[in-house]
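K.L.:
Sending over a structure as structure tokens; questions will come in a sec.
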Amino acid sequence: MKKALRLAPLVLGLLLLASAALAQPAALKLPPPGKTDKCPVCGMFVAKYKDWLAYAVLTDGKLLYFDGPKDMFRFVADPGHYLSGFKKEQIAELYVSEFYSLKPILAQDAFYVAGSDAYGPMGHELVPLATQADAEAFRKDHKGKRVLRYGDITPALLKALD
Amino acid sequence: MSSLERQRAFLDYTLASLVRRKAKNGALVLAYALVVFLIASVMFFSRALRTEGQAVLAGAPELVVQRMLAGRFDTIPASYADSIRRIRGVSEVEPRLWGYYFNRAVGATFTVLGLPDFAHADDEIVAGPAAAKAWTNLQDGRYLFRTFKGDSTGFKPVQVLPEETRLVSADLLIMSETAFRQVFGLPEGQYTDLAVTVRNPQEMQTVTEKIQREHPDTRPIQREEILRTYESVFEWRGGMVIVVFAGAALAFFIFAWDKATGLSAEERHEIGILKALGWDTADVLVMKFWEGLAISLTSFLLGTIAAYAHVFLADAGLFAQALKGWSVLYVDFPLSPVVSPTELLALFFLSVAPYTFITVIPAWRAAITDPDTVMRAS
């Protein structure tokens, strides 16, 4: 009994820790890239281009950085091509940096504007925005062509982007 | 004899021959070093100021919006802040209250800042380190202000800002927003300007254009523009000082040119003797090259070291007033010693290299003539 009482705070603490880990906001889960982190698609160091950063959280907790949503989509379409043996199933979550706030948002939630005059480190980009209204406004301000959702972005479309 | 030893022997001879004409060469080195010193001082000083300025501006807002009235800077209503906040890409708009207060009793201008969330009471004031020292007309330990109406109010000093912040806070006085409006008569809802934060630098231009379109009577100023203006101001000031010293530099160059291009009878005589002793033309040239190098390098090093000491140890006492700025209360801060290697290299090549080479030409002319003629002519 005495022993159980002594353990109680520890158990409680562990429980709290676990719940905190589950409810972790995106910013905590996505540490900024180090100097040597490279984009697996183009091979560039990503630390210099934080404003366009895209992330893939892997099922084993590891993190991949891309220097723009475009490269992230390329990777997702054919991961084995860029990292040999890599399976699509190893990706748990995808994040892109929202254009206005530069905060990471879930790639599936974002609205992407194609054909705008805002260039990323890899040239033409799919500019991620948080809402439909933001995307429309951005498209108007930056002479974008169209607004796309996650599902609309196909390898053929990526090819046409450059 | 190896070529290194040979060069050493040449250098040995050259230095001995320089020492033989101590007074003349000493004067030359001194004048030369003085010119290098002046130019290097200006260079070091403006570089240090620019670095300092950049450090200050790094903390400045990326975008400041001012309202213009008939081409003059005017106060901006709070409603502008609300509409600018609605622009996409703007993450924060902070209306600011600041101004200048001229204290007639001490004859100095102070920068006054009004904060809405001032941590102290409305009749209390926080002062920058230099301002606290300069504000000497106290009444019962209170800072006395003349308000816009002509009556006076006192503020109790509660805190002096730390010394480390002095470049930005030296002449600064901070009071509450209410107190600021009382002293300067600024109506409620009016602010000096707006500090706008735009998270994505790529969106800065679009935001600026939108503000201009929505409020045509405003002037948005990007931090980059301020940086550029500072750059050109420092360049201009530095240029002005260099122009002032250009006279001195020119006088020296004429003197150096005269000394370097025309050989004195004594020197021609020396060359004649050396040739008669069996020296080659090449040997004479090497000797003269070492001589020019010894003089110009010594002067260059003396000048730059003196300039370094002058600027970074003695705070550029000679021309700080000309370079620093217009404010009555001079900001007193030690300059962080930053030296740009490129500029130093440019100075080196502009001083050492030409001198070394112009001394060789006349020596070559004397050295190719027959020793007999040279000695007979003198």
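K.L.:
Can you name every residue in segment A:105-123 that is modelled with pLDDT of 90 or more and within 14 Å of chain B (Cβ to nearest Cβ)?
P.N.:
A:105, A:111, A:113
K.L.:
Tell me which residues, restricted to segment B:168-189, are within 16 Å of residue B:147 (Cα to Cα) and touching a Phe, Trp or Tyr at 6+ places or on another chain (Cβ under 8 Å).
P.N.:
B:173, B:174, B:175, B:176, B:177, B:179, B:183, B:184, B:185, B:186
K.L.:
Sticking with this structure for a sec: Which numbered condition in (1) closer than 28 Å to residue B:52 by Cβ; (2) within 14 Å of chain A (Cβ to nearest Cβ) is the only one that residue B:224 fails?
P.N.:
So residue B:224 meets the others, but not (2).
K.L.:
Residues in segment A:29-51: is at least one within 25 Å of residue B:204 (Cβ to Cβ), at pLDDT 90 or above and within 14 Å of chain B (Cβ to nearest Cβ)?
P.N.:
no
K.L.:
How about segment A:124-155: which of its residues are hydroxyl-bearing (Ser, Thr, Tyr), part of a loop (DSSP other than H, G, I, E, B) and more than 11 Å from every other protein chain (Cβ to nearest Cβ)? Before the answer, list the steps.
P.N.:
Start the filter on segment A:124-155 by keeping residues that are hydroxyl-bearing (Ser, Thr, Tyr), which leaves A:131, A:150, A:154.
When the remaining residues are screened for being part of a loop (DSSP other than H, G, I, E, B), the result is A:131, A:154.
Listed by number, the list holds a single entry, A:154.
K.L.:
Residues that are among the acidic types (Asp, Glu) and at pLDDT 80 or above: list the helices (runs of 4 or more DSSP H) wholly contained in segment B:267-378 that include at least 2 such residues. Step through it out loud before you land on a result.
P.N.:
Details: elements: B:281-308, B:320-324, B:341-368, B:371-377.
Once the helices (runs of 4 or more DSSP H) in segment B:267-378 are filtered for at least 2 residues that are among the acidic types (Asp, Glu) and at pLDDT 80 or above, what remains is B:281-308.
K.L.:
Right, another one. If a residue must be surrounded by 12 or more Cβ atoms within 10 Å (Cβ to Cβ) and either within 15 Å of residue B:274 (Cα to Cα) or touching a Ser or Thr at 6+ places or on another chain (Cβ under 7 Å) (or both), how many such residues does segment B:13-23 contain?
P.N.:
3
K.L.:
On to the next question. Inside segment B:191-207, can you point out the residues that are more than 10 Å from chain A (Cβ to nearest Cβ) and surrounded by 20 or more Cβ atoms within 10 Å (Cβ to Cβ)?
P.N.:
Across segment B:191-207, the qualifying residues are B:191, B:192, B:193, B:194, B:196.
K.L.:
Which one of the conditions (1) in a helix (DSSP H, G or I); (2) among the charged types (D, E, K, R); (3) modelled with pLDDT of 85 or more does residue A:3 fail to meet, given that it meets all the rest?
P.N.:
The single condition residue A:3 does not satisfy is (3).
K.L.:
Tell me whether segment A:89-98 contains one or more residues that are surrounded by fewer than 19 Cβ atoms within 10 Å (Cβ to Cβ) and within 14 Å of chain B (Cβ to nearest Cβ).
P.N.:
Initial filter on segment A:89-98 (surrounded by fewer than 19 Cβ atoms within 10 Å (Cβ to Cβ)): A:89-93.
Filter once more, keeping what is within 14 Å of chain B (Cβ to nearest Cβ): none.
No.
K.L.:
I'm checking my understanding of the structure. Among residues of segment B:75-122 that are more than 14 Å from chain A (Cβ to nearest Cβ) and polar (S, T, N, Q), which one is nearest to residue A:103 (Cα to Cα)?
P.N.:
Across segment B:75-122, the extreme among qualifying residues is B:83.
K.L.:
Right, here's the next one. Which residues, counting only those in segment B:60-74, are more than 14 Å from every other protein chain (Cβ to nearest Cβ) and either of a type in the set (A, V, I, L, M, F, W, C) or touching a residue at least 40 places away in the same chain (Cβ under 8 Å) (or both)? If you could, list the steps in order and put the result at the bottom.
P.N.:
So the first thing to find is which residues in segment B:60-74 are more than 14 Å from every other protein chain (Cβ to nearest Cβ), and the list is B:60-61, B:63-74.
Within segment B:60-74, B:60, B:61, B:63, B:64, B:65, B:66, B:67, B:68, B:69, B:70, B:73 meet the criteria.
K.L.:
Please identify the pairs in which a residue from segment B:193-216 that is within 12 Å of residue B:90 (Cα to Cα) has its Cβ atom under 7 Å from the Cβ atom of a residue that is crowded, with 19+ Cβ neighbours inside 10 Å and acidic (Asp, Glu), counting only partners at least 6 apart or on another chain.
P.N.:
B:206/A:141
K.L.:
Being of a type in the set (A, V, I, L, M, F, W, C) and assigned to a loop (DSSP other than H, G, I, E, B) is the filter here, so list the residues in segment A:44-74 that pass it. Outline the logic, then answer.
P.N.:
Residues of segment A:44-74 of a type in the set (A, V, I, L, M, F, W, C): A:44-47, A:52-54, A:56-58, A:63-64, A:66, A:72-73.
Within segment A:44-74, A:44, A:46, A:53 meet the criteria.
K.L.:
Report whether or not residue A:101 is within 13 Å of chain B (Cβ to nearest Cβ), closer than 23 Å to residue A:45 by Cβ, in contact (Cβ under 8 Å) with a residue 24 or more places away in the chain and within 18 Å of the chain's Cα centre (by Cα).
P.N.:
no
K.L.:
Looking for something part of a strand (DSSP E or B), free of Cβ contacts under 8 Å to residues at least 12 places away in the same chain and farther than 30 Å from residue A:128 by Cβ - is there at least one such residue anywhere in segment B:75-98? Explain how you work it out, then say what you get.
P.N.:
Of all residues in segment B:75-98, those part of a strand (DSSP E or B) come to B:76-77, B:90-98.
Filter once more, so that each one left must be free of Cβ contacts under 8 Å to residues at least 12 places away in the same chain: none.
Within segment B:75-98, not a single residue is part of a strand (DSSP E or B), free of Cβ contacts under 8 Å to residues at least 12 places away in the same chain and farther than 30 Å from residue A:128 by Cβ.
K.L.:
Further, regarding this structure: Taking the options B:49, B:30, B:34, B:15, name whichever one is within 13 Å of the chain's Cα centre (by Cα) and in the same structural domain as residue B:254 (by TED's automatic domain parsing).
P.N.:
Numbers: B:30 fails: within 13 Å of the chain's Cα centre (by Cα); B:34 fails: within 13 Å of the chain's Cα centre (by Cα); B:15 fails: within 13 Å of the chain's Cα centre (by Cα).
Step by step, each of B:49, B:30, B:34, B:15 is checked, and only B:49 is within 13 Å of the chain's Cα centre (by Cα) and in the same structural domain as residue B:254 (by TED's automatic domain parsing).
K.L.:
May I pose another question? Does any residue in segment B:339-361 that is under 20 Å from residue B:310 (Cβ atoms) come within less than 9 Å, Cβ to Cβ, of a residue that is basic (Lys, Arg) and assigned to a helix (DSSP H, G or I) six or more places away or on a different chain, and which pairs are these?
P.N.:
Pairs that qualify, where the first residue is under 20 Å from residue B:310 (Cβ atoms) and the partner is basic (Lys, Arg) and assigned to a helix (DSSP H, G or I), are B:339/B:47; B:340/B:47; B:343/B:47.
The values are calculated or read from the model by the stated rules, or taken from the named source; none is laboratory data. Quantities reported herein were computed from a predicted structural model and do not represent experimental measurements. All Cβ positions, glycine included, derive from the backbone under ideal geometry; neighbour counts span all protein chains shown.
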